[in-house]
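First comes the structure, then the notes that go with it.
The values are calculated or read from the model by the stated rules, or taken from the named source; none is laboratory data. This one's a predicted model, so the numbers in the text were calculated from it and none came from an experiment. Note that we place each Cβ from the backbone using ideal geometry, even for glycine, and neighbour counts take in every protein chain shown.
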Amino acid sequence: MNLRKSKDGAQWPHRHDLIGQLIHPEGNVMQRIAILLVIVLAGCAATVNRTRTADGRNGATISCNGLTATWKKCDRAAAKVCPGGFDVIDRQEKKTYTDTGSFMSRTLVVSCKP
């Protein structure tokens, strides 16, 4: 990482470095808020993997992970994949604990109605 000296002689990452922009004392507050918002919202989308179920119907495995993800988000993603409705095959929720906090992962497996 490239460091630069500020007016008081302290060394800081260059402003083009994302983390450097967040921690730099001379940084723009609005820019910091925008960067944090992008990071938070990046974890908000549901991940959809289309598949075929055992009975031959179209289906999907939908992952809604993160602190802001809810079962509603998974259900909305399933409704987009299966506009004619869907049957829930499996619904799992797991909370993982780390040194920095906890992480929630939710997985929904659906079969689209014909």
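Against the definition (exposed (fewer than 13 other Cβ atoms within 10 Å of the Cβ) and in contact (Cβ under 8 Å) with a residue 12 or more places away in the chain), how does LEU67 come out, yes or no? Spell out the reasoning first.
Details: exposed (fewer than 13 other Cβ atoms within 10 Å of the Cβ): yes; in contact (Cβ under 8 Å) with a residue 12 or more places away in the chain: yes.
Spelling it out, LEU67 is indeed exposed (fewer than 13 other Cβ atoms within 10 Å of the Cβ) and in contact (Cβ under 8 Å) with a residue 12 or more places away in the chain.
Only one of THR98, THR70 is among the hydroxyl-bearing types (Ser, Thr, Tyr) and over 14 Å from the mean Cα position of the chain (by Cα); which? Don't jump to the end; show me each part of the working.
Numbers: THR70 fails: over 14 Å from the mean Cα position of the chain (by Cα).
Result: THR98 is the single residue among THR98, THR70 that is among the hydroxyl-bearing types (Ser, Thr, Tyr) and over 14 Å from the mean Cα position of the chain (by Cα).
Please report, ordered by residue number, the helices (runs of 4 or more DSSP H) entirely within the range 4-114 with at least 1 residues that are at pLDDT 90 or above and either touching a helix residue (DSSP H, G or I) at 6+ places or on another chain (Cβ under 9 Å) or acidic (Asp, Glu) (or both). Before the answer, list the steps.
Numbers: elements: 18-23, 29-42, 71-81.
Filter on the range 4-114 gives 71-81.
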